[in-house]
Amino acid sequence: MNDQIDYTNNPLHGLSLKNLLNEIVDHYGFEILYAYLNINCFKKNPSIASSIKFLKKTTWACEKVEAFYLYEFKNLPKVSSEQFSIPPRDRIVPNDQTPGEPADLSIENADDMRSKRVKKATAYNKAKHSDDWDDNHVKHEQESSESEHSHTEEYEDPWAKWR
């Protein structure tokens, strides 16, 4: 029985970080990479050598670039929820999926995508914080009703004692 996993269909299999960066920089350029990935090594004095140095030290950035390579440059379908938490190099690409042509990317599309992400994150954070606020508010009301000061209806400024 063979316990080894076959990564040969993954476009990252056997591809060095230097070759990966050369391919995407030759096709898109540093400006587009910065616009889509928002990693400063592509903005301030960009070069292949400095980018490789940064990406080797920073796992999250390297995984972000590898995911960009797979899903934008190689145009593979998005990964399943089971494989999402796995780093791109360790993901298994089914045999029926083959790399396609690189996606046509522009600065304008990157700005639109970034604004959509900001809106989505804001909505998510509002929902999350409102749930937290509701939970904390209910807990606070329960605590205040149990305390001896619950019978006073006058609002007391919590910062008043600080002055």
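The values are calculated or read from the model by the stated rules, or taken from the named source; none is laboratory data. These numbers come from a predicted model, not from an experiment. With ideal geometry, Cβ positions are generated from the backbone for all residues, glycine too; neighbour counts draw on all protein chains shown.
Here are the numbers for the structure shown:
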| read-out | value |
| --- | --- |
| Qualifying helices (runs of 4 or more DSSP H) (wholly inside the stretch 4-102; at least 2 residues being within 15 Å of the chain's Cα centre (by Cα)) | 30-37, 59-68 |
| Condition check for PRO87: in contact with a helix residue (DSSP H, G or I) (Cβ under 6 Å, 6 or more places away or on another chain), farther than 17 Å from CYS41 by Cβ and of a type outside the set (A, V, I, L, M, F, W, C) | yes |
| Complete set of residues in the stretch 38-83 that are more than 23 Å from LEU105 (Cα to Cα) and aromatic (Phe, Trp, Tyr) | PHE54 |
| Residue list for the stretch 10-54, filter: within 14 Å of TYR69 (Cα to Cα) and among the aromatic types (Phe, Trp, Tyr) | TYR28, PHE30, TYR34, TYR36 |
| Scan of the stretch 11-64 for residues that are in contact with a Phe, Trp or Tyr (Cβ under 9 Å, 6 or more places away or on another chain) and of a type in the set (Asp, Glu), ordered by number | GLU23, GLU31 |
| Pairs, first modelled with pLDDT under 95 in the stretch 25-49, second among the hydroxyl-bearing types (Ser, Thr, Tyr) and surrounded by fewer than 17 Cβ atoms within 10 Å (Cβ to Cβ), C-beta under 7 Å, six or more apart | CYS41/SER50 |
| Filter pass, LYS139 being more than 22 Å from LYS43 (Cα to Cα) and modelled with pLDDT under 80 | yes |
| Search result, residues across the stretch 48-77 that are of a type in the set (Lys, Arg) and farther than 20 Å from ALA35 by Cβ | LYS53, LYS56, LYS57 |
| All positions within the stretch 49-77 that are of a type in the set (A, V, I, L, M) and exposed (fewer than 14 other Cβ atoms within 10 Å of the Cβ) | ALA49 |
| Number of the exception - SER144 against (1) at pLDDT 85 or above; (2) of a type in the set (Ser, Thr, Tyr); (3) part of a helix (DSSP H, G or I) | (1) |
